[in-house]
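Structure record follows, encoded as structure tokens.
The values are calculated or read from the model by the stated rules, or taken from the named source; none is laboratory data. As the structure is a prediction and not an experimental result, all values here were calculated from the model. Ideal geometry is used to build each Cβ from the backbone, glycine not excepted, and the neighbour counts take in all protein chains shown. Ligands, DNA and RNA are excluded from the accessible area calculation, which covers all protein heavy atoms including side chains. Shrake-Rupley method; radii C 1.70, N 1.55, O 1.52, S 1.80 Å.
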Amino acid sequence: MSAALPAAAFDQLFLAARTHNAFTGPIEDADLQAIFDLMKWGPTGANSCPVRFRFIRSPEAKETLRATLQPGNVEKTMAAPVTALVGYDLEFYEHLPRLFPHADAKSWFVGNEPSIRHNAFLNASLQAGYFIVAARSLGFDCGPMSGFDSEKADQAFFAGTRVKSFMLVNLGHGDPAKLYPRGPRFDFSEVCAVL
Ligand SMILES: Cc1cc2nc3c(=O)[nH]c(=O)nc-3n(C[C@H](O)[C@H](O)[C@H](O)COP(=O)(O)O)c2cc1C
């Protein structure tokens, strides 16, 4: 059994952590790998690990991304040091003999398109959440967004695959001066029940 983390960790991961709109660097390629190498240990159904990333850093790739962005997301995304394009792989089950070798998990999905889509979106969304917490734990800030044209992004960044993008995450060191006021959250008693 593990002990609780120090209270400062709660601040860094949740209580003081914010969704940022303006970022500075540096965030190196090695940092992106370090974030991934933490994120990947979060649990997924049948260890299916369906998330896929494209880290968009170069001016050329950023210009391609620009055409997919909703207007309110353009300026901050173009200015961010790196933007992660996050997708789910509809062919995740092809890797299950390697990732989940103690059962024939591939056969649970082959030919079952609704189950493939459900598993891919559910578990890649979980992994996107782990990604945000991993980035925060390494001292970086995130700006998650779903305001973009995912079909255009797929054509540009996931061509030739069955990966479907669903989220963008701007990454770097956030500028606290550019934050909106913190939105409230539900209280436990409003949305939970212990039965
Ligand atoms: C899946 C997802 C999609 C979001 N899409 C957008 C977006 O398109 N544009 C935007 O400005 N903010 C977007 N946000 C930011 C949310 O509004 C923000 O995370 C939320 O208000 C909580 O802010 P806080 O972390 O500072 O408390 C998105 C966040 C998430 C997690």
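Taking the protein heavy atoms of the stretch 1-40 in the context of the full set of protein chains, the accessible area attributed to carbon and sulfur is 63 percent at 1.4 Å.
The order of Thr24, Thr68 by accessible area, most exposed first and with a 1.4 Å probe, is Thr24, Thr68. Largest accessible area first, the residues Cys142, Cys49, Cys192 order themselves as Cys192, Cys49, Cys142 under a 1.4 Å probe with ligands, DNA and RNA left out. Using the average count of surrounding beta-carbon atoms within 10 Å as a protection proxy, the listed peptides 176-187, 50-61 rank, highest first, as 50-61, 176-187.
Here, the stretch 131-195 has an Rg and a Dmax of 16.9, 48 Å when only alpha carbons are counted. Rolling a 1.4 Å sphere over the protein heavy atoms, what is the accessible area per residue of the stretch 19-173, to the nearest Å²? On a per-residue basis, 48 Å².
Taking every protein chain into account, the 1.4 Å probe leaves His95 with about 80 Å² of accessible area, to the nearest ten. Given H placed on each backbone N at 1.01 Å, which residues far from Ala84 in sequence or on other chains put an amide H within less than 5 Å of it? Excluding prolines and chain starts, which carry no amide H, the hits are Ile56, Val169, Asn170, Leu171. Using every Cα-Cα pair within the stretch 1-42, state what percent have a distance larger than 13 Å. The calculated P(r) of the stretch 1-42 puts 72 percent of pairs beyond 13 Å.
Scaled against the 2.2 N^0.38 Å expected of a compact globular protein of N residues, the Cα radius of gyration of the stretch 61-195 reads 1.27. Only aspartates and glutamates eight or more places from Lys76 in sequence, or on another chain, were considered; those with a Cα closer than 12 Å are Asp175. For a straight C-alpha distance cut-off of 16 angstrom, the aspartates and glutamates reachable from Lys178 (same-chain residues fewer than eight places away being disregarded) are Glu75, Asp141. Beta bridges per DSSP, both residues in the chain: antiparallel share near 95 percent.
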